[in-house]
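Okay, structure first, notes after.
The values are calculated or read from the model by the stated rules, or taken from the named source; none is laboratory data. This structure is a prediction, so every number in the text was calculated from the model and none was measured. Every residue, glycine as well, gets a Cβ built from its backbone with ideal geometry; the counts of neighbours run over all protein chains shown.
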């Protein structure tokens, strides 16, 4: 199994623990917004493959209470966890206002209040 270095991303996210994250996710023309009170950052690696191609082997899990805003809908964050699945194509860019994470499936813009 290939090791993927997400240390710079998780270090930035961990610097926001105890604060509120504003997350914008763009995927196939759809945009979702999430507001999350960040309690913990966890890197998850599944050791077995999954028959469902949408279940990622690698994920960054953002734990905390949050709200999802998608179109006209507003809903609490399920299980108080927001997942960023990734593979070896993950990249990131930091700037003065936050971090931009790009994966093979989506682009995440995260700002820390």
Check: Where residues in the range 87-102 are closer than 18 Å to residue 22 by Cα, in contact (Cβ under 8 Å) with a residue 12 or more places away in the chain and in a loop (DSSP other than H, G, I, E, B), which of them is nearest to the chain's Cα centre (by Cα)?
Finding: 98
Notebook entry, point to check: Considering only residues of the range 16-50 that are assigned to a loop (DSSP other than H, G, I, E, B) and surrounded by 12 or more Cβ atoms within 10 Å (Cβ to Cβ), which is modelled with the lowest pLDDT?
Noted result: 46
